[in-house]
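The values are calculated or read from the model by the stated rules, or taken from the named source; none is laboratory data. What you see is a predicted model, and the numbers here were worked out from it, not measured in a lab. So basically every Cβ, Gly included, is an ideal-geometry build from the backbone, and we count neighbours across all protein chains shown.
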Amino acid sequence: MGYNTGDKQLIKEINKASIFQVVHDIGPISRADIAKILKLTSATVSSNMAELIDEGIVKEIGTGVSSGGRKPVLVTISDSSVCFLGVDIHKDGAEAAVVSLTGRILAIAEQPFQHETGNFEHDVLACIRAVRGMVQGVEVKSIGIGMHGIVDTTKSISVFAPAMALRNFDLKTFIEREEHLPVYIDNDANAMALGESWFGQAKQVKNYVFLNVGRGIGSGIVLNGEVFRGSRYAAGEIGHIRVVDNGIQCVCGKYGCLDTVATEYTVIRDTISAIHTGIKSEAARLVSGNLGAINIDTILKAAASGDDCVLDILNKTGRYIGVALSYMINILNPEMIILGGSMSRLGEYMMDSLQEAAISLSMKECSDGVKIVLSTLRGNAGVVGAATLGMRNLFPRA
């Protein structure tokens, strides 16, 4: 990764941001080593480091090994005094967390949407206030929101959120007015992709795809270290690639989309349908025959027990996802594909069929060397990624 230094007009903020980024990426590290990496003077590093320490962003943690002379003092990112709030908005509700600069979750809360009241934004606000009330003695710098659907990041407006039937909705202004903090909004999968570059599998990776599979399916595409959003902010809608001929109708109006066969809902639906046809499943026993109570935790427990019914469904789900990924591999030729979102909890039961389909159906020259991995952030990718939207704006000119 490159670290930029600025000219006379920008030198203070750019250098400070670069010093922070080195500590984040490499730390614990000494001031002398930072100066070598950035080719800055010791005085420049020391003055900026003093400010970062005073602001609670960086802290000293002891001494390192001496190469002659005094042992160097090591610095690392502070884990608690400065934090960021991340909100993940999905089809059914919102989840919010207070996240430290090291990616540690200090508190987390959920709020289902009350669609009958029409108070979508008030549900989000309630979730934010709930999690802020769980932490004391920390400074929350900003609120990042990963929003379901298409987001115009230049205006921070939700262009289209199909599950909520919202168009051109300005959530940013409402939350900023109520919480008196800066708010940053992006598509949820884009936010998750950024979170992976800060805290997950994609550190130091410049070309990758983050696949968010949960109640819906989307992807965040990072090319040359930057999120690719497309000309109308709609890039990455992998959930609407057709993977089934003559399939059922999707919310987008088309038929046979990945979103109709590979989400939490479809795995639960297919499990219930299989049980209704007489196939025995551990999932039915786990809910004492009340099939309406089957949820993603039931599916996970059944899969872990070796239930053939559920494992067959997850195997098929993995193949559908792999088919869609083969198109991404051929078009983008990424270094890495990261599977995240709530369905990644079931990743170990889908990865074999997913990888086989993705690699066998893509061109060898495109798929050679691509790594397909599970997110280390797993179910927290949404809130951690959303918090990262604020972290990357910690230094306005960086």
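In region 32-112, counting only strands (runs of 3 or more DSSP E) that sit wholly within it, the ones holding 3 or more residues that are under 30 Å from Ile145 (Cβ atoms) span 82-89, 93-100, 105-112.
Given the conditions (1) surrounded by fewer than 23 Cβ atoms within 10 Å (Cβ to Cβ); (2) assigned by TED's automatic domain parsing to the domain that holds Gly93, report the number of the one that Val151 does not fulfil. The number of the failed condition is (1). Contact map, region 369-398: first residue farther than 14 Å from Ala193 by Cβ and not assigned by TED's automatic domain parsing to the domain that holds Gly146, second residue assigned to a loop (DSSP other than H, G, I, E, B) and of a type in the set (D, E, K, R), Cβ cut-off under 8 Å, separation 6 or more or different chains; pairs are Gly369/Glu335; Val370/Glu335; Lys371/Glu335; Ala398/Arg392.
Among the residues of region 330-343, are any in contact with an Asp or Glu (Cβ under 8 Å, 6 or more places away or on another chain) and either among the hydroxyl-bearing types (Ser, Thr, Tyr) or assigned to a helix (DSSP H, G or I) (or both)? Checking region 330-343: at least one residue is in contact with an Asp or Glu (Cβ under 8 Å, 6 or more places away or on another chain) and either among the hydroxyl-bearing types (Ser, Thr, Tyr) or assigned to a helix (DSSP H, G or I) (or both).
Let's see how each residue does on (1) in the same structural domain as Ala324 (by TED's automatic domain parsing); (2) crowded, with 16+ Cβ neighbours inside 10 Å; (3) farther than 15 Å from Ser342 by Cβ:
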position	(1), (2), (3)
Cys252	yes, no, yes
Glu264	yes, yes, no
Ala274	yes, yes, yes
Glu282	yes, yes, yes
Leu286	yes, yes, yes
Asn290	yes, no, yes
Asp297	yes, no, no
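Does region 105-122 contain at least one residue that is closer than 28 Å to Phe20 by Cβ, in contact with a strand residue (DSSP E or B) (Cβ under 8 Å, 6 or more places away or on another chain), among the polar types (S, T, N, Q) and crowded, with 18+ Cβ neighbours inside 10 Å? No, the conditions are met nowhere in region 105-122.
Restricted to region 340-355, and to residues that are more than 18 Å from Cys257 (Cα to Cα) and of a type in the set (A, V, I, L, M), which residue is nearest to the chain's Cα centre (by Cα)?
Pass one, region 340-355, residues more than 18 Å from Cys257 (Cα to Cα): 340-342, 344-353, 355.
From the residues that got through so far, the ones that are of a type in the set (A, V, I, L, M) too are 346, 350-351.
Working: Leu346: 17, Met350: 20, Met351: 19 Å.
Only one residue tops the list, namely Leu346.
Only one of these is under 25 Å from Gly382 (Cβ atoms) and in contact with a strand residue (DSSP E or B) (Cβ under 8 Å, 6 or more places away or on another chain): Leu300, Leu354, Leu314. Name it. First the steps, then the outcome.
Working: Leu300 fails: in contact with a strand residue (DSSP E or B) (Cβ under 8 Å, 6 or more places away or on another chain); Leu314 fails: in contact with a strand residue (DSSP E or B) (Cβ under 8 Å, 6 or more places away or on another chain).
Leu354 is the lone residue from the list that is under 25 Å from Gly382 (Cβ atoms) and in contact with a strand residue (DSSP E or B) (Cβ under 8 Å, 6 or more places away or on another chain).
Here Gly318, Gly382, Gly390 are screened, and the one residue that is closer than 20 Å to Glu226 by Cβ and crowded, with 21+ Cβ neighbours inside 10 Å is Gly390. When region 113-142 is filtered for residues that are polar (S, T, N, Q), over 19 Å from the mean Cα position of the chain (by Cα) and not in a loop (DSSP other than H, G, I, E, B), only Thr117 remains. Among residues that are in the same structural domain as Gly247 (by TED's automatic domain parsing), touching a Gly at 6+ places or on another chain (Cβ under 9 Å), surrounded by fewer than 24 Cβ atoms within 10 Å (Cβ to Cβ) and touching a residue at least 60 places away in the same chain (Cβ under 8 Å), Ser353 is not included.
For region 207-242, what are the residues that are hydroxyl-bearing (Ser, Thr, Tyr) and either in a helix (DSSP H, G or I) or at pLDDT below 95 (or both)? Give the derivation first.
Pass one, region 207-242, residues hydroxyl-bearing (Ser, Thr, Tyr): 208, 219, 231, 233.
Correct list: Ser231, Tyr233.
Among the residues of region 144-163, the ones that are touching a residue at least 60 places away in the same chain (Cβ under 8 Å) and either of a type in the set (Val, Ile, Thr) or touching a helix residue (DSSP H, G or I) at 6+ places or on another chain (Cβ under 8 Å) (or both) come to 8 in all.
What number of residues in region 61-96 are in contact (Cβ under 8 Å) with a residue 12 or more places away in the chain and either of a type in the set (S, T, N, Q) or under 30 Å from Tyr184 (Cβ atoms) (or both)?
First pass over region 61-96, keeping only residues in contact (Cβ under 8 Å) with a residue 12 or more places away in the chain: 61-62, 64, 72-96.
Remaining after also requiring either of a type in the set (S, T, N, Q) or under 30 Å from Tyr184 (Cβ atoms) (or both): 61, 75-96.
The total comes to 23.
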